[in-house]
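Please read the structure below before turning to the comments.
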Amino acid sequence: MTVGDTIAPSNAAEVKDLVSPGVYYAVTHGMRMEIVAPERVDWPPPYRDATEKYSQQVRLTNDHRSMVGYVAGQPFPLIDPNDPYVATKIIWNNVFRPISSDDYDLRFYDCQSEYVRPGQDQRMIDDIEIGHYAGYNIVGRTEVEPMPVDPDFKESGRLWMFALYPVLAPQEARGTGLIRYRYADPNRGDDSWDWTPGTRRVRRLSESILSSATGAQSYDPDHYSGFNPKTEQYNYRFLGEKMMLATVHAQHSPEDTCPYDGGATACPESWEMRHIYIVEATPRSDRLAGGSLDKLTNVYLDAEVWFEPYIDTYDQKGRLWRTHIYWLAYRDRPVPDARVAIYPFKREFVVGAASIDTQGNYSTMCYLPGQHTPERECWYINMGAIDKDFCTVKAMVAAAP
């Protein structure tokens, strides 16, 4: 494999050891890769400065599960593979990653579900359009006041707030929403609620349901944005580091529907060699994560971007079950014709994401921005686009059409 090559099912064996088993599944089932030369990715300067200022005071707690002393930036910038707790530190770096340290609002994106159909046209089963995918970080803020910690933290103990609402299509799900809160207390699980317009009721969710896909899609809330369950509810094992292929300089926004696998992925797209950390995560049976459907998860983290280009999950028999693939772009704006979401430096944007059930040959492919959205700029990161009030049950219910 060399720069300029196109990887397809016919020569997929060339990349078998350079991607996860889940990504290899995608390639053998039609996804194509354009191999390009690797390029450097720099952190946003405010995040880098916060790392230099605060990271020396951060350490793991005595039980090596939580952190103390964290304020902002990356908690553990010095990664030593020989550290017995390196896997936990890598996962905490993923929690407080540079891609969005303050707030984010992803507007009008869509997710298309279909069976994986190598060599055949897309036959869409479900097409979901969502108004907002948004979050507000209470701790670790680097670009928008209040910095570096919202005073709310002392009262609520929350690390972040998340909101997904309203679902705009299909009609039977119109108005549906989800709110989720993460807490610093290692023994307190996430609070989450959904709104179902059919019953006009707010429902408090069991935490175990956050690892379950709902409806005609393969995504679950714990993997909406990479590996995102509560950190302390898992045990971690460092599996190593190696150079692997990933997309961090995507060429397309919106992403192109792959014409070779029934629309299950985005392709062709640029893939380059990256320095990847690999961590195995297993649910702790003595915590709420004991309700997780996955026996274990292998998390692949880019050592510069600190976001997962892919994640593989395994069922209770240890068989590959779901793979989550993320396509990222490194730019100073999410789309070339942006007029508002323009930054003084380049940053990473997730422009495509696929969750593939490799046992059922079923995929949900999300386009960020959507392919037919009226809102072209889509991603508003660390711009104060939303506040804490946006991430409340009251706001979710009020927004339901």
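Size of region 136-177 along its principal axes in angstrom, Cα-based, largest extent first?
So the extents along the principal axes, rounded to whole Å, are 41, 22, 10.
Normalising by the residue count of region 316-391, find the relative contact order in percent from Cα pairs under 8 Å and 6+ residues apart. Working shown, then result.
Values: 107 pairs, mean separation 22.3, N = 76.
Dividing the mean separation by the residue count of region 316-391 yields 29 percent.
Of the options Ser206, Thr196, Tyr109, report the single residue whose Cα projects farthest towards the positive end of the charge dipole of the chain (beta-carbon charges: Lys, Arg +1; Asp, Glu -1).
Of the options given, the answer is Ser206.
Given the Cα atoms of region 1-104, and with Rh set as the inverse mean 1/r over their pairs in the Kirkwood sense, what is Rg to Rh to two decimals?
Reported Rg/Rh (Cα atoms, Kirkwood Rh): 1.12.
Using 19 Å as the cut-off for backbone N distance, which residues of region 122-144 belong to the label zone defined by a point 7 Å from the Cα of Gln371 along Cα→Cβ?
Answer for region 122-144: 122-131.
Quick one: the Cα spread of region 127-248 along its three principal axes, in angstroms, biggest first?
Principal axes ranked by extent give 43, 41, 30 Å for the Cα atoms.
Tell me the relative contact order for the chain as a rounded percent, counting alpha carbon contacts under 8 Å between residues six or more apart.
21 percent.
In Å and on Cα atoms, what radius of gyration and Dmax does region 328-373 show?
Radius of gyration, then largest Cα-Cα span, for region 328-373: 14.0, 44 Å.
Where Lys and Arg each count +1 and Asp and Glu each count -1, what net charge lies around Pro221 among other residues with Cβ under 13 Å from its Cβ? The partial results should precede the final answer.
Numbers: positive: Arg180, Arg182, Lys230; negative: Asp190, Asp191, Asp194, Glu207, Asp220, Asp222.
Summing Lys and Arg as +1 and Asp and Glu as -1 gives -3.
Kindly flag which residue pairs out of Lys53/Lys295; Lys154/Lys230; Lys346/Lys394; Lys230/Lys394; Lys242/Lys388; Lys154/Lys394 have an alpha-carbon separation exceeding 28 Å in this structure.
Going by Cα-Cα distance, Lys53/Lys295; Lys346/Lys394; Lys242/Lys388 fall outside the 28 Å limit.
Could you list the trypsin sites (Lys or Arg not before Pro) in region 85-130 that lie in coil according to DSSP, counting only those with at most 14 other Cβ atoms within 10 Å of their Cβ?
When the trypsin sites (Lys or Arg not before Pro) of region 85-130 are filtered for loop state and at most 14 Cβ neighbours within 10 Å, Arg123 remain.
What distance in nm separates the simple spin-label points at Asp63 and Thr28, each placed 7 Å from Cα in the Cβ direction?
In this crude label model, Asp63 to Thr28 measures out at 4.1 nm.
Measure off 7 Å from each Cα along the Cα-to-Cβ vector at Ser10 and Thr199, then give the distance between these two points in nanometres to one decimal.
In this crude label model, Ser10 to Thr199 measures out at 5.4 nm.
Take the solvent-accessible surface of the protein heavy atoms, probe 1.4 Å, and return the percent of it on the chain that carbon and sulfur atoms account for.
50 percent
Please work out whether region 48-106 counts as rounded, prolate or oblate from its C-alpha gyration tensor, where a ≥ b ≥ c are the square roots of the eigenvalues and a/c under 1.5 means rounded, while otherwise a/b larger than b/c means prolate and anything else oblate?
Taking the square roots of the gyration eigenvalues as a ≥ b ≥ c, region 48-106 is prolate.
Considering the options Val27, Val58, Ala37, tell which one lies farthest towards the positive end of the dipole of region 1-85, charges being +1 on Lys and Arg and -1 on Asp and Glu at the Cβ, about the Cα centre.
Towards the positive end, the residue furthest out is Val58.
Quote the FRET efficiency, to the nearest 0.05, computed for Tyr343 versus Glu39 with a Förster distance R0 of 22 Å and r equal to the Cβ-Cβ distance.
0.80
What is the spread of the Cα atoms of region 298-342 along each of their three principal axes, largest first, in whole Å?
Sorted from largest, the Cα extents of region 298-342 read 50, 20, 11 Å.
With the cut-off at 1.5 for a/c, could you classify the chain from its C-alpha gyration tensor as rounded, prolate or oblate?
Rounded.
Which cysteines does the chain leave without a neighbouring Cys Cβ under 4.7 Å?
Those would be Cys378, Cys391, since no other cysteine Cβ in the chain comes under 4.7 Å of theirs.
Would you compute, from DSSP H runs of 4+ residues alone, the mean residue ellipticity of the chain at 222 nm, taking -39500 (n - 2.57) per run and dividing by the full residue count, rounded to the nearest 500?
Working: 5 runs with 40 residues, N = 401.
Helix contribution divided over all residues of the chain: -2500 deg cm²/dmol.
Give, rounded to the nearest 20 debye, the magnitude of the charge dipole that the chain has about its Cα centre when Lys and Arg contribute +1 at Cβ and Asp and Glu contribute -1 at Cβ.
In total the dipole reaches around 860 debye.
At 37 °C and a viscosity of 0.692 mPa s, what translational diffusion coefficient does Stokes-Einstein give for region 97-187, taking Rh as the Kirkwood radius over Cα pairs? Give it in µm²/s as a whole number.
The calculation lands on 212 µm²/s.
Positive end of the charge dipole of the chain (Lys, Arg +1 and Asp, Glu -1 on Cβ, about the Cα centre): tell me which of Ala329, Ile130, Val350 has its Cα farthest that way.
Working it through, the farthest residue towards the positive pole turns out to be Ile130.
Two decimals is fine: what's Rg over Rh for region 1-45, C-alpha atoms, Kirkwood radius as Rh?
Taking Rh as the inverse mean 1/r over Cα pairs, Rg/Rh reads 1.09.
The values are calculated or read from the model by the stated rules, or taken from the named source; none is laboratory data. Just so we're clear, the structure is a prediction, and the values are computed from it rather than from any experiment. Cβ: placed from backbone, ideal geometry, glycine included. Neighbour counts: every protein chain shown. Areas reflect the complete protein model, heavy atoms only, side chains present, ligands, DNA and RNA absent. Shrake-Rupley method; radii C 1.70, N 1.55, O 1.52, S 1.80 Å.
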